[in-house]
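Visitor: Submitted below is the structure of interest, expressed as structure tokens.
The values are calculated or read from the model by the stated rules, or taken from the named source; none is laboratory data. This one's a predicted model, so the numbers in the text were calculated from it and none came from an experiment. Virtual Cβ from ideal backbone geometry, glycine too; neighbours counted across all protein chains shown. For the accessible areas, the whole protein counts, side chains as well, though only heavy atoms, and no ligand, DNA or RNA atoms are used. Shrake-Rupley method; radii C 1.70, N 1.55, O 1.52, S 1.80 Å.
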Amino acid sequence: MQPLSDLLHRIRWDPEFGRGIFALGYWDRVARREIVVRFESVTFDAAQPGTFSAEDEDGVVRTIPLHRVRTVYKDGAVIWQRPQRS
């Protein structure tokens, strides 16, 4: 399986592969469910590697560690999924 960081770089920098609508599904520990955010709405800060920021439905910007990303979607289809824990 391709590492998540490699896939995110490819989405951002490969113009051919990056065509489409991408979304990240991350595990929200408070809501105890996967939250899906459109890739175009997330930001990556070089000062905080291993994270991304996204605005929630209340307008609060949250910084999410990449280890909480569970699923990556392209045009609504799953293209990457973290293996399930036993």
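Visitor: Looking at (1) within 13 Å of the chain's Cα centre (by Cα); (2) open to solvent by less than 80 Å² (accessible area, probe 1.4 Å), can you tell me which one residue 76 breaks?
Guide: Here residue 76 clears every test but (1).
Visitor: Just for segment 1-41: of the residues that are of a type in the set (Asp, Glu) and under 24 Å from residue 83 (Cβ atoms), which one is least open to solvent (accessible area, probe 1.4 Å)?
Guide: Per the stated criteria, the residue is 28.
Visitor: Go through (1) under 19 Å from residue 63 (Cβ atoms); (2) in contact with a strand residue (DSSP E or B) (Cβ under 8 Å, 6 or more places away or on another chain); (3) part of a loop (DSSP other than H, G, I, E, B); (4) not small (Gly, Ala, Ser) for residue 30 and report which single condition fails.
Guide: (2)
Visitor: Here's a follow-up. So in segment 33-68, with the set limited to residues that are in contact with a strand residue (DSSP E or B) (Cβ under 7 Å, 6 or more places away or on another chain) and of a type in the set (Lys, Arg), which one is farthest from residue 3 (Cα to Cα)?
Guide: Across segment 33-68, the extreme among qualifying residues is 62.
Visitor: Is at least one residue of segment 42-52 in a loop (DSSP other than H, G, I, E, B), aliphatic (A, V, I, L, M) and open to solvent by 90 Å² or more (accessible area, probe 1.4 Å)?
Guide: Checking segment 42-52: at least one residue is in a loop (DSSP other than H, G, I, E, B), aliphatic (A, V, I, L, M) and open to solvent by 90 Å² or more (accessible area, probe 1.4 Å).
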